[in-house]
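K.L.:
Attaching a single structure in structure tokens format; questions to follow.
What follows is calculated from the coordinates using simple rules that are stated; it is not laboratory data. Since the structure is predicted, the reported quantities are computational estimates derived from the model, not experimental observations. Cβ coordinates were reconstructed from backbone atoms using ideal geometry, including for glycine residues, and neighbour counts include every protein chain displayed.
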């Protein structure tokens, strides 16, 4: 039996035409589109919740949240409120520190790559935030939209404020920091 040894040679393949892979867009290039999508989802949710939804908004609510509307305003409103309460991952007050001395209420909608969140800067006890931002982040890159005067941002704040979340989270964060 004769054994044949083959010497392998590794070659780099270089195509005759240069192939470019598409460049990933930066967060700065994507943030406005992501903000619009987020606002569209939340607009459908709030319109159903406040019993002001058009059929198109009802359909979008179903598409986004997987819940078919019943046509009964009270039932649909309760479903939308339930969806809002379960939307996002966490709400917490972030103490001042690395953020130039200003704390904020963070509503984390999603995390990982990419992630997005809303930040509400406010003075405890006041009814309106002095600044609202939508933040979009993806692997060591992030961008923001300042949306203090935005309709959806203010609907979110009003809902959070009505249920006492800003002051509760503010107080909880300060109590927790004193324990350490």
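K.L.:
Any idea how far apart residue 175 and residue 74 come out in nm if each label point goes 7 Å out from Cα toward Cβ?
P.N.:
3.5
K.L.:
Counting other beta carbons within 10 Å of each residue's own, what order do 163, 135, 91 fall into, fewest first?
P.N.:
On the way: 163 10, 135 20, 91 17.
The order, fewest Cβ neighbours first, is 163, 91, 135.
K.L.:
Something else: Which distance in nm do the two modelled labels at residue 163 and residue 37 give, with both placed 7 Å along the Cα-to-Cβ direction?
P.N.:
So the two model labels end up 2.5 nm from each other.
K.L.:
When only C-alpha pairs under 8 Å and at least 6 residues apart count, what is the relative contact order of segment 26-87, in percent? Numbers along the way, then the final one.
P.N.:
On the way: 45 pairs, mean separation 19.9, N = 62.
Across segment 26-87, relative contact order equals 32 percent.
K.L.:
Sticking with this structure for a sec: Would you mind ranking 138, 59, 162 so that the residue whose beta carbon has the fewest other beta carbons within 10 Å leads the list? List each step's numbers first, then the result.
P.N.:
On the way: 138 19, 59 14, 162 8.
Placing the least packed residue first, the sequence is 162, 59, 138.
K.L.:
Expressed in nm to one decimal, what extension gain is obtained for the pair residue 111 and residue 25 from 0.36 nm per residue of sequence separation less their Cα-Cα distance?
P.N.:
The residue 111-residue 25 span can extend by a further 29.1 nm.
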